[in-house]
1. Taking R0 as 41 Å, what FRET efficiency do you get between Val101 and Glu146 from their Cβ-Cβ distance, rounded to the nearest 0.05?
2. Could you rank Val133, Val88 by how accessible they are, 1.4 Å probe, largest area first?
3. Round to the nearest 10 and give me the degree value, 0 to 90, for the angle of helix 29-60's Cα axis relative to the longest principal axis of the chain.
4. Which trypsin sites (Lys or Arg not before Pro) in the stretch 59-111 pass both tests, a DSSP loop state and at most 14 other beta-carbon atoms within 10 Å?
5. In degrees from 0 to 90, rounded to the nearest 10, what is the angle of the helix 2-21 Cα long axis to the longest principal axis of the chain?
6. What do you get for the angle between helix 86-96 and the principal long axis of the chain? Use alpha-carbon atoms, 0 to 90 degrees, nearest ten.
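The values are calculated or read from the model by the stated rules, or taken from the named source; none is laboratory data. This is a predicted model, so every value here is computed, not measured. Methodologically, a virtual Cβ is constructed for each residue, glycine included, from the backbone with ideal geometry; neighbour enumeration extends over all protein chains shown. SASA here: full protein model, heavy atoms, side chains in, ligands and nucleic acids out. Shrake-Rupley method; radii C 1.70, N 1.55, O 1.52, S 1.80 Å.
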Amino acid sequence: MAPRKQKKAALYHKLQLLRDVTNSTSMNKTSIIVDASKYIGELKEKVERLNQEIGTSQNQFPMVTVETLKKGFLINVLSEKNCPGLLVSILEAFEGLSLDVIDARVSCEDNFQLEAVGGDYQGDADSVDAQVVKQAVVQAICNWNESNNQD
């Protein structure tokens, strides 16, 4: 009898966990499982929608993120396609901000990926933050994109 009670208690515990995770207010097993099924469907739709948004945004422009470090910034640029000449445009943007590149990793073979640490800022330290750096990189990408579309 003890193993049967343990199995029943374990099942009850798992159902309560499922109920909590899915925000179900149901009390019986069948209703909890139906609520969980609906919840899974909603999650699938959300994942599909997010994948479509990501696909659309990545096809238009490379993705840019900028994080503030103790001294400088961590800049990431990622595109699913190769972008000849983009590195030069981004480095010119850094130069325009008087931001020296301390360390960088770049891949330009099948896709474009840049991870750079920019620091040793030469200008007014209060005038440059992560948002300013990101805007400069995005503007460099837009300029690069325009010059490539004119050819």
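1. 0.95
2. Val88, Val133
3. Here the helix axis deviates by roughly 10 degrees.
4. Values: sites: Lys70, Lys71, Lys81, Arg105; in loops: Lys70, Lys71, Lys81.
Hits after loop and neighbour filter: Lys70, Lys71, Lys81.
5. In the chain, helix 2-21 runs at an angle near 40 degrees to the longest axis.
6. 70 degrees
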